[in-house]
1. Among the residues of region 189-201, is any assigned by TED's automatic domain parsing to the domain that holds Asp297, in a loop (DSSP other than H, G, I, E, B), crowded, with 21+ Cβ neighbours inside 10 Å and not β-branched (Val, Ile, Thr)?
2. Does region 381-403 contain at least one residue that is within 24 Å of the chain's Cα centre (by Cα) and surrounded by 19 or more Cβ atoms within 10 Å (Cβ to Cβ)?
3. Looking only at region 91-122, how many residues end up being over 25 Å from the mean Cα position of the chain (by Cα) and farther than 21 Å from Ala275 by Cβ?
4. Just need a number here: residues in region 404-431 that are exposed (fewer than 13 other Cβ atoms within 10 Å of the Cβ) and touching a Lys or Arg at 6+ places or on another chain (Cβ under 6 Å).
5. For the condition of a type outside the set (A, V, I, L, M, F, W, C) and free of Cβ contacts under 8 Å to residues at least 60 places away in the same chain, what is the one hit in Thr271, Thr257?
6. Sort out which residues of region 106-136 are polar (S, T, N, Q), surrounded by fewer than 16 Cβ atoms within 10 Å (Cβ to Cβ) and under 24 Å from Ile315 (Cα atoms), and write them in order of number.
7. Counting only residues that are under 15 Å from Ala422 (Cβ atoms) and crowded, with 17+ Cβ neighbours inside 10 Å, how many does region 349-370 have?
8. List the number of the failed condition for Ala61; all other conditions in (1) over 15 Å from the mean Cα position of the chain (by Cα); (2) surrounded by 24 or more Cβ atoms within 10 Å (Cβ to Cβ); (3) at pLDDT 90 or above hold.
Amino acid sequence: MRQTQKDVLVVGVALFAMFFGAGNLIFPPYMGLLSGSAWQWALLGFLITGIGMPLLGIMAAARAGGTVEHLGRRVSPWFGRLLSIVIILAIGPLLAIPRTCAVAFELGIRPSWPAFPPALFSLIFFAIAFWFALNRSAVVDKIGKFLTPFLVVTLAWIILRGVFFPLGSIAETELPEPFGRGFREGYQTMDALASVVFAQIVIAALVFKGYANVKEQVKMTSMAGVIAAVGLGLVYGGLMYLGATASLIHPPSVERTDLLIAIAQGLMGDTGKYALGLAVSLACLTTAIGLTATVADFFSRLSKDRIGYRTVAVITVVFSGIFATVGVTTIVNVAYPLLVLVYPVAIALIVLTLIGGPVADRAVYAGAVVGALLTSIPDALAIAGLPIAFLDLVVARIPFAGAGFAWIIPTAVGALVGLVVARTGRSRPVTVAE
């Protein structure tokens, strides 16, 4: 029992570190600023997609077989491959990797050296990331072990200061549907997508510790997840509260990175600004290194080494370096339509996998995915500035659409249709790993 408790603590801290992405820190304060007096409702929505779904994602991936492709294969083999490619690209060069560089620049460099060229910083940042990803040096892991505590202590210092000495009064909310907005803002963490990739790492660690049975792995992950969730909840909740206390000071048009820097400086002066900028910048660099290696590993294996690890790493850092120069806000705006498209599908697969039993059938999974896409595709197109008027009108009439949850009913209906098909024997049951 004592050893199990120790293992739970170790895995819980590891999960916290994996999901505690420095680039994610810019979202809770901004959500607090927008939601004002309703920041608790926005926080609840944000925590569901920013913490709850990632932890469920790891458990679902463990139950499905350990990888994102195993999860997607419950619909069909080709869908499993497609889903894994989309997720790797999202947490890689399309969104997450460029964002690490942009956040590091806007938090760590621009406040002190506003004239420093973003392109030069991007070149330096990704040259370092490429070198470490190519050499797979253990130095990054060692640095990471010190960086996370340093960043947590710095944030705790700022949050506690903000709780006892608030920046200002909290504005009355003018944000419609704060819960739904917080839920969707949690998409930007991309942690629910990353969780099904991280699952392989967590499972490998559990197997090494002697937990070979899938049920044991899911149980251990669940208990460790509570530790990670508490830590992440305190950080995200504290930052969102700080953003709410700044709601009468800064306009809604403020940049997310500028808001976080302004809060740190307002509470702790230049010392807080520099400490936060340094901690976040270094943490973003280690994240970029890890993600670059993950992308290079994935696509070199996918091509059966016809495209080498080094080649994929070069393509990844070059594309990410160019994209990073557009800035955090542009990257976030580009990411939003893709995340609105993918997240409902990922949530449906995670929930159905965890339910298992009577819904463990390919027709059920396929029906749920189709139902989710019927609404998420029009939503994504509208956000991207390519609305289809007729589809938008139909989606707007679906229950919960006003709060951003139009996908729930069609997903449930799709799953029920799939269940009916499954009962006719025209579909193949999914084998759940035991």
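The values are calculated or read from the model by the stated rules, or taken from the named source; none is laboratory data. Note that this is a predicted model, so its numbers are computed, not measured. Here the Cβ positions follow ideal geometry from the backbone for every residue, glycine too, while neighbour counts run over all protein chains shown.
1. There is at least one residue in region 189-201 that is assigned by TED's automatic domain parsing to the domain that holds Asp297, in a loop (DSSP other than H, G, I, E, B), crowded, with 21+ Cβ neighbours inside 10 Å and not β-branched (Val, Ile, Thr).
2. First, pick out the residues of region 381-403 that are within 24 Å of the chain's Cα centre (by Cα): 381-385, 400-403.
Those left that are additionally surrounded by 19 or more Cβ atoms within 10 Å (Cβ to Cβ): 401.
Checking region 381-403: at least one residue is within 24 Å of the chain's Cα centre (by Cα) and surrounded by 19 or more Cβ atoms within 10 Å (Cβ to Cβ).
3. Of the residues in region 91-122, 4 are over 25 Å from the mean Cα position of the chain (by Cα) and farther than 21 Å from Ala275 by Cβ.
4. 1
5. Thr271 is the lone residue from the list that is of a type outside the set (A, V, I, L, M, F, W, C) and free of Cβ contacts under 8 Å to residues at least 60 places away in the same chain.
6. Asn135
7. Step one: list which residues in region 349-370 are under 15 Å from Ala422 (Cβ atoms), which gives 352, 355-370.
Checking which are crowded, with 17+ Cβ neighbours inside 10 Å leaves us with 352, 359-370.
Matching residues across region 349-370 total 13.
8. (3)
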